[in-house]
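Here the structure is laid out as structure tokens; the discussion comes afterwards.
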Amino acid sequence: VVPLLSLLKDQLRKYEGLQVPAGVIKGKQSREERDRIFKKIGERGIQIVFTTPEALLQPGIRKTFNRLEVSHFVVDEAHCVSEWGPRFRPAYLQLGEILKGLRGLQAVTAFTATATQPVIKKIKEILFSNIEVTVISGNPDRPNISYQVIPVLSKSRALEGLMEFSARPLLVFSRSRQGAESIARTLSRRLQDEEIFFYHAGLFPEERARIESWFMDSGKGILVSTSAYGMGVDKSNIRSVIHADIPPSVESYLQESGRIGRDGNPAKAILLYSIQDILFLNELKNKLERRRFAQMLSYALSQERCRRDMLLSYLGAGEISCSGCDVCDNRVAFSPEGEQEIVNLVSKHKRSYTRRQLQQILSGRKSYDVIKDHMNRVTGFGVLSHWDAEDIAEAISTMVESDQLLIPQKGLWKYCVTVRRHEAHGQRVQTITKKLGRKKG
């Protein structure tokens, strides 16, 4: 039982390569195709069957499996039982009932590379009805992966810059389908690169299959995806993964960052975060979702504790020697690129310029309005001239959203930008996080 069709196809491809008879039972199959597969299973012409929880719940499929003898029931990526079942894949919660109807069952196993103790507890409850089971744990560390966290004001600028230095093939993860499409289009336009595609569950099956095949064979491609590409797909030579948004949980982050370096060669996992990620905590209403996201926030905001140690401690791992992270390598980014330049400029010219004028000064692009209002003579004119104009606008918006920059909506200084009493980036982030905690508490 697997959670994603992409993973199902990937597993089937592996077994076919090993010449092991395998088949697939899934939704949207024709009656003829399904009957043909079930006939082969009954004749023992197929030894391994891949399916999804939702397919198993279909009455006809469930009834047929109950007539057959299933000796071994395997749940792959078993953390989905806990992570996805309660939220949007309720079929996972019924796997225990499905197991009770199978004949000849000799073993039930559940596999995952990322399970915290609460997740293991939930798996036991749903799949094994809390009976005593054997839990076998391995070392979850991937020593060839180096971890880094970067605070940003403009994710578009950060992503574009990272493309220049990050080894390919490369994965970029986004929280939403719209985000994945927007990032892919922006990068493709700016880099003039045709080897950039987006991927998510909203694509037609033919489109997903085409993109999966392209990326599997690509040696220098960039794939921008939602979590739809985050599990089990085994492209061994992915060198870099960049998370444009903080993922919903430590398990999700380890799963998605675990796509890289599967050939054992060095690989890099980079997490970007901005004020929007911190405020996203406020959008989560479910207590469990908030707790899981807060763990990832703690990871992102930490500037002193080893990244690897922090991630693996959530999985219950013991002390591990770090083989590469920005904290242990003394490469921590304490503040976002561009923040100091913007703060310095606004501090010198409080309540002197509107948001649009501030953007014009920072970009250093001369125009009729700029020259007419003598903005080209301002100290700091063009300090961000190497930035794209839309990235400067995004940076200003981020600082307004975090209350670093204030824009009065009435009074004598209406619409003129000023700066709040300056706090170091880390202090400002902690202040916002505490406010969110009190709001929900």
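If you take just the helices (runs of 4 or more DSSP H) that sit entirely in the range 131-241, which of them hold at least 3 residues that are closer than 30 Å to residue 397 by Cα?
So the answer is 155-165, 177-191.
For residue 94, which of the numbered conditions (1) at pLDDT 90 or above; (2) under 22 Å from the mean Cα position of the chain (by Cα) fails to hold?
The one condition residue 94 does not meet is (2).
Looking at (1) at pLDDT below 90; (2) outside any loop (DSSP other than H, G, I, E, B); (3) touching a helix residue (DSSP H, G or I) at 6+ places or on another chain (Cβ under 6 Å), find the lone condition where residue 115 falls short.
Residue 115 satisfies every listed condition except (2).
Considering only residues of the range 259-317 that are more than 21 Å from residue 117 (Cβ to Cβ) and over 19 Å from the mean Cα position of the chain (by Cα), which is surrounded by the fewest Cβ atoms within 10 Å (Cβ to Cβ)?
304
Per-residue answers, yes or no, for (1) in the same structural domain as residue 177 (by TED's automatic domain parsing); (2) part of a helix (DSSP H, G or I); (3) closer than 18 Å to residue 312 by Cβ:
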residue: 255; (1), (2), (3): yes, yes, yes
residue: 271; (1), (2), (3): yes, no, yes
residue: 278; (1), (2), (3): yes, yes, no
residue: 292; (1), (2), (3): yes, yes, yes
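Can you go through 175, 168 and tell me which one is under 30 Å from residue 279 (Cβ atoms), in the same structural domain as residue 220 (by TED's automatic domain parsing) and in contact (Cβ under 8 Å) with a residue 24 or more places away in the chain?
None of the other options fit; the residue is 175.
The values are calculated or read from the model by the stated rules, or taken from the named source; none is laboratory data. The shown structure was predicted, so the numbers you read here are calculated from the model rather than taken from an experiment. Note that we place each Cβ from the backbone using ideal geometry, even for glycine, and neighbour counts take in every protein chain shown.
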